[in-house]
Every structure is written in structure tokens, then in C-alpha cells.
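Okay, so here's the structure we're looking at.
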């Protein structure tokens, strides 16, 4: 039985009408995953559970029982999200055989709405990276060009949607880890407002930045997933009590006559690192938005070159603290040869963590260490406040900020060797997690080199509905 | 700011990481680059600015302080690389001379 995916709602209608069963749908995805094994997207495929869930759903429909909002929806999860009884590794050797004792809240919510979890996806180790080359389980390949990276750190989840190995997927975004691979792979990737989605059961990288968010092909699908996973969670004290809107319904009924106010930074679009074709595409979009009656104005933002440094001081500090729990004692890899307590810890960490993770732990320890704490860590927290104030100031005058998602299209595997150069791949994506604002990468463009790239939009905090709404508008007419 | 061998040794100790000599040379080089890169932040004056620490605006959201049993002892020990039925096991810390 052949299956062509267009949207979750369309699929659900077809299932209800008996045109296709959930079982057939799962068979389809298992087959695609098998055909595209070379992309190294999945660390594990849950075929058995997926078929069980599909059959249970098919039976529910046959007997006219109530089904969840996401019935039939095949989802892949980045391997930092815990699923009870399954391994979760953060693509690290240090967690190679770790089994989750409970479900992450996002998993509970997906399952409660009858989603089908098809597998866990490869990523950069502990979500640290912009190319998926830091995974200890091998590179993920970009499905459009196998010599190119998919971006990172949620590279596997991006390619899973790009290559049609699932309908939607979840990733995590700390400095761009959803939006940057979404841009490189030509799909939608959204980082919600900090506090919108629970981080309970999600392996931490930098706790004041990390957010879970969806990859999807359409704004409607992203909206549906987000409204299921978002909202207050008693297990995560940083989740907001603000009610979650029915994003999918709201944007389905939106009127196209709304006119928005956009700001853009000429320094960003004109930045020397930006590929000329990307620059041109963004300027063309700005002109088209203006022609359609939207207001788009240039706005000076003088902190552009400070964003990545702030990000690295604060995230490495939080990472060095978060990753101190991996000591080879309570769980995870242990160097069995060590006979002294100190050696158990040091050897296990040195053998279990990859190079980039160790580099970031060292920098984080440096900025937190006595004598440097105020000059680096506290100073960066103050700059974070300044950047947040400035961003709030801009968003008090405008609805959205337009930026390129990435300065270039997907680069070659092995092409970028210098860590600092790699960090600059996130130059336009770090602002939103620094300030806590939601942001989305909309797949609008194709470069003459054949690779896609996205337009990034930053919205006001907790205005996910508006962000999805403008995404839908752009996908329809731009 | 210059990162030297002495500082890297100190940081490696605090981080509980080991580096071979060649790895150490590499990490000294990388950390110097990274520190130079973040030193750019010193260009921004921060006098009178409070550090941004909490990312959500809501404060004092209360809940009942209830005891819940969510993970059993067996489960807690399940992922341990070395444990008996009651405890995580590590090498002897206090030794007879």
C-alpha cells in the first residue's frame, strides 16, 4: 500500500475514511527508514512498539472509540529525550547503555494523544555541535547531498523529516540546534519560548537555554505538535503557567488580511559571513512583504558580534555543571580498570566524553573558577540582560525580527575544522535562546548550489501562535 | 588573558578530566582561542546592570509538598556500572596503611 504524506490532518481523514490504516502507515515508514539507512539518522527504531500502537489505534477507529489528537502521527525523537524502558544516550559513549526509568513529559503528552514514536535519532554528543559530526555514533548525512552535513545538533531529527522517515520529529535547541539543521535540510524548525515546553526527562546541556521543539513540513503540523507538548509541568519548575492556545485551530482559521510589522538588522543580512545569494533572497522577501502591505523596517542592533561569545560563556558554564553528574558511579560508562576512587571518576569521564564535550567542560570550568567568575560568568550574565532589554525594546515596536537562519547553506562533511569557525555557524540563531524568545526557521529558499536555506523569524515571548501564523503566511505566498 | 599549562592542569583537576601530553597541548591552544573569542565581551560596559539569571518572569509558584515514590531502589540501581542489591559500589576510599 503506497502512502504519500501531506499533513497530519489529511492523513487522519484518510485513516478515518478507511483509505489507509495506521498499520500500513507504519509499514511505509519502516520501509523508508530501511531504504535510507545510509543516512545514519536512527540510533534505534521501535518497529515493534510502533506496530502495536498502530494496531491499537486501528482498533479504536474500527470500534468508534475516541482517538487522540495525534493518532496515526509518526514521530521521531532526538536521542536526548527519555522514553521509559528505552536507551537514551545523547549520542555519547558515556551513556551508551543507559536505560530511561521514566518518560520525559513531552513523551507522556505525545503518547496520551496517540502519537506513534518510531525511533530515536542521532545528534551531536550532548547536543553540542552544529554539524552532527560530534556524535560518537557517526555522522548523519544530508539527504539532498550525502557529502554535506545536516547541521546540528538535532541533525538526525531534521533529516528524519527531510527524508520522509517520519511525519514530524522533536529536537532540542540551545543555540540553534533545531533551526540551523532545519535550514540546512529545508524543513520547518521551531524553538519555543523558554518555559513553554517542559524539559523534564530531557538530557540537559545548558538549562537556562535548552528548549524542546518540533521539526515539520508545514506550519499546521508544527502547531499541532507544539500544542500537545507545551504547557505547565509540575516536574519542571521553569515551565510557565500561561495557558497553551490551540495553535493548530487558530492558524487554520487565520485571516490573510493581517498586516505585520517586521524589523530587520542590516548588519546581520549584510554581514561578511553571509552568502551573497542568501543576502539577496532575504532582501527580496523584505521587498515582497512591503509590496504586500506589511511594514518592514531596518533596525540597528549593535550586539550582533557579542551574541556567540555570550552564548559560549554561559552555556559552557552550565554544561560543566550539568555534566558533573557523569562520574561513572551511579550510571553510565565506568573505567573498570581504575582502582582508586579519583581515577574511576577521571578515567570514566576522559574515556566517555568526546573531544568537543571535554573542550566545553574545560571552558565552562574556567569561566566559573575562582578568580575568573566575575570577569567572565557574571559579566556575561549582565551582557545577557542588556541583550534581552534591547531585544524586548525592538519587539515592543515590531511584531517580529527577520534574520537569515544560517549564514551559509549546508557545508561539507569535514570542511570546518576550527571550533570557533564552527561556533559562528550559530551567529544568527543564538539571539533567541539568549533572550528566551521563540524563533522559527521557515524553509523558503533554494540556493543555486542545490541546497535549501531558511528565513528565521523571532517573535515575542509566548507568542507562538503568531509565529506559526506568519510562518503559514510565508509558506503559502513566498 | 593567557591560558598556560598550569591553568589547564588546574581546570582538568576541577573538571575531573585527564589529558595526555599531546592532548594537553591541543587543549591549551583551543582554550586560548576560545578565551580570546569571549574576551570580546569586555568591550561592553555593564556598570549598574543586574545579571540575568532567571529566564521566566513568574515567581513563587507554589505547590503542595507531597512525598511521592516515583523510582524504586531497584530501578535506581539498575543503570549502575557496579552495584549490589542495596548500594552503588566504588573502590575502597579509606585504606589501611
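Listed by position, the helices (runs of 4 or more DSSP H) inside region A:281-382 whose residues that are over 25 Å from the mean Cα position of the chain (by Cα) and buried (at least 20 other Cβ atoms within 10 Å of the Cβ) number at least 1 are A:341-352, A:355-368.
If you check B:49, B:61, B:67 for being at the interface with chain A (Cβ under 7 Å from one of its Cβ atoms) and at pLDDT below 95, only one passes: B:61. Among the residues making up region A:317-337, those that are at the interface with chain B (Cβ under 8 Å from one of its Cβ atoms) and at pLDDT 95 or above are A:320, A:324, A:327, A:328, A:329, A:330, A:331, A:332, A:333, A:334.
Listed by position, the helices (runs of 4 or more DSSP H) enclosed by chain B that each have at least 2 residues that are in contact (Cβ under 8 Å) with a residue 24 or more places away in the chain are B:21-38. The set of residues from region A:143-177 being in a strand (DSSP E or B) and either touching a strand residue (DSSP E or B) at 6+ places or on another chain (Cβ under 6 Å) or surrounded by 24 or more Cβ atoms within 10 Å (Cβ to Cβ) (or both) comprises A:148, A:168, A:169, A:170, A:171, A:172, A:173.
Restricting attention to region A:388-433, the residues that are without any contact (Cβ under 8 Å) to a residue 40 or more places away in the chain and either closer than 21 Å to residue A:471 by Cβ or part of a strand (DSSP E or B) (or both) add up to 0. Residue A:398 - would you say it is modelled with pLDDT of 95 or more, under 26 Å from residue A:196 (Cα atoms) and either more than 10 Å from chain B (Cβ to nearest Cβ) or touching a helix residue (DSSP H, G or I) at 6+ places or on another chain (Cβ under 8 Å) (or both)? Criteria met by residue A:398.
Scanning for something farther than 12 Å from residue A:472 by Cβ, modelled with pLDDT of 95 or more and within 14 Å of chain B (Cβ to nearest Cβ), does region A:243-266 turn up at least one residue? The answer is yes, given that some residue of region A:243-266 is farther than 12 Å from residue A:472 by Cβ, modelled with pLDDT of 95 or more and within 14 Å of chain B (Cβ to nearest Cβ).
Does any residue of region A:93-105 turn out to be in contact with a strand residue (DSSP E or B) (Cβ under 7 Å, 6 or more places away or on another chain) and either surrounded by 24 or more Cβ atoms within 10 Å (Cβ to Cβ) or within 27 Å of residue A:24 (Cβ to Cβ) (or both)? Checking region A:93-105: at least one residue is in contact with a strand residue (DSSP E or B) (Cβ under 7 Å, 6 or more places away or on another chain) and either surrounded by 24 or more Cβ atoms within 10 Å (Cβ to Cβ) or within 27 Å of residue A:24 (Cβ to Cβ) (or both). Got at least one residue in region B:57-72 being out of contact with any strand residue (DSSP E or B) (no Cβ under 8 Å at 6 or more places or on another chain) and crowded, with 16+ Cβ neighbours inside 10 Å? Within region B:57-72, not a single residue is out of contact with any strand residue (DSSP E or B) (no Cβ under 8 Å at 6 or more places or on another chain) and crowded, with 16+ Cβ neighbours inside 10 Å. For region A:266-280, filtered to residues that are touching a strand residue (DSSP E or B) at 6+ places or on another chain (Cβ under 7 Å) and surrounded by 14 or more Cβ atoms within 10 Å (Cβ to Cβ), the residue that is farthest from residue A:399 (Cα to Cα) is A:274.
The values are calculated or read from the model by the stated rules, or taken from the named source; none is laboratory data. In this text, all values refer to a predicted model and were calculated from it rather than measured experimentally. Reconstructed Cβ throughout: ideal geometry from the backbone, glycine too, with neighbour counts over all protein chains shown.
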